[in-house]
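Asks: Structure provided below as structure tokens; questions to follow.
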Amino acid sequence: MGKFAKWIGGGLGFAIGGPLGGLLGFFIGSVFDGTTISYEQTGSGRRVNRTTPGDFGMSLLVLIAAVMKADGKVLKSELDYVKRFFISQFGPESAQEALQILRDLLKQEIPLRDICSQIRHNMDYPSRLQLIHILYNISAADSRFESAETRVIKSIADMLGITTTDYDSIRNMFIPATDAAYRILEVERTATDEELKKAYRKMALKYHPDKVSHLGEDFRKTAEEKFKAVNEAWEKIKKERNIV
């Protein structure tokens, strides 16, 4: 699995311990046998809680498995959707290797609350937002949303410490509700034009791909999708209100 090791080449930090490490122990050992696992250290020798591509990738795979198991059954069509998503984002070799791990995770009991607690404690907030966006992206792959899956994603968001407004913003990128464009910008329809401009600038900054640049180019692709959704929401409101 050398190619997969390269895919998450930023190294592993918090993902090798706790419940995540317990679920992924066999694969962590086999993938990284003979591979240097990087840690960032402070002067006191304590590791800095900075999310690496490896931490993010392993966390993502476990959460994908939890969402797929939400309705009590895993269909081949669902795996096919996930595979296509991985291929589009990471290329065929890395996608195949990630799916091998995912298939094993689907056979295991996932202590979701403990997993989310570990991620929340160690992962930066923009990266946690990115996890929720990708979970919805995958859930949307078949152009329909199972209620069991969306409930689990909402539960994951809560356990990861995602605010209600941030979760609602991401959800409306995939499941538009009334005034979805406004919800994406985290404002009410009654907001003034100036308040909308301020909200757009705030959201454009929050969801800018540079916020997760430390995750590498592979994960940046999905960050760009989120950023694009914010811009599309703003353009729709501008057109609706004739804002210049």
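The values are calculated or read from the model by the stated rules, or taken from the named source; none is laboratory data. Quick caveat, the model's predicted, so the values are computed rather than measured. So basically every Cβ, Gly included, is an ideal-geometry build from the backbone, and we count neighbours across all protein chains shown.
Asks: Within the stretch 22-37, does at least one residue satisfy the condition of being assigned to a helix (DSSP H, G or I), under 19 Å from Tyr125 (Cβ atoms) and modelled with pLDDT of 80 or more?
Replies: No, that holds for no residue.
Asks: With the requirement that a residue be among the hydroxyl-bearing types (Ser, Thr, Tyr) and within 14 Å of the chain's Cα centre (by Cα), what does the stretch 194-217 give you?
Replies: Passing the criteria: Tyr207, Ser213.
Asks: Follow-up. If Ser88 meets every condition in (1) under 27 Å from Lys226 (Cβ atoms); (2) at pLDDT below 90; (3) more than 15 Å from the chain's Cα centre (by Cα); (4) in a loop (DSSP other than H, G, I, E, B) apart from one, which number is that one?
Replies: (4)
Asks: Okay, moving on. Select, from Ile153, Ile110, Ile162, Ile101, the only residue that is β-branched (Val, Ile, Thr) and touching a Ser or Thr at 6+ places or on another chain (Cβ under 8 Å).
Replies: Every option except Ile153 fails the conditions.
Asks: If I filter the stretch 161-178 down to residues being among the β-branched types (Val, Ile, Thr) and within 17 Å of Pro126 (Cβ to Cβ), which single residue comes out as surrounded by the most Cβ atoms within 10 Å (Cβ to Cβ)?
Replies: Ranking the qualifying residues of the stretch 161-178, first place goes to Ile170.
Asks: Residues that are assigned to a helix (DSSP H, G or I), without any contact (Cβ under 8 Å) to a residue 40 or more places away in the chain and either surrounded by 17 or more Cβ atoms within 10 Å (Cβ to Cβ) or among the charged types (D, E, K, R) (or both): does the stretch 130-149 have at least one?
Replies: Yes: one or more hits.
Asks: Residues Lys239, Lys206, Lys228: which one is of a type in the set (D, E, K, R), outside the structural domain of Met123 (by TED's automatic domain parsing) and either surrounded by 14 or more Cβ atoms within 10 Å (Cβ to Cβ) or touching a Gly at 6+ places or on another chain (Cβ under 6 Å) (or both)?
Replies: Step by step, each of Lys239, Lys206, Lys228 is checked, and only Lys206 is of a type in the set (D, E, K, R), outside the structural domain of Met123 (by TED's automatic domain parsing) and either surrounded by 14 or more Cβ atoms within 10 Å (Cβ to Cβ) or touching a Gly at 6+ places or on another chain (Cβ under 6 Å) (or both).
Asks: Here are some conditions: (1) in contact with a His (Cβ under 9 Å, 6 or more places away or on another chain); (2) outside any helix (DSSP H, G or I). Ile243 meets all but one. Which one does it not meet?
Replies: In the conditions (1) in contact with a His (Cβ under 9 Å, 6 or more places away or on another chain); (2) outside any helix (DSSP H, G or I), Ile243 misses (1) alone.
Asks: Among Ala181, Ala191, which is the only one that is assigned to a helix (DSSP H, G or I) and either surrounded by 21 or more Cβ atoms within 10 Å (Cβ to Cβ) or on the phi < 0 side of the Ramachandran plot (or both)?
Replies: Among Ala181, Ala191, only Ala181 is assigned to a helix (DSSP H, G or I) and either surrounded by 21 or more Cβ atoms within 10 Å (Cβ to Cβ) or on the phi < 0 side of the Ramachandran plot (or both).
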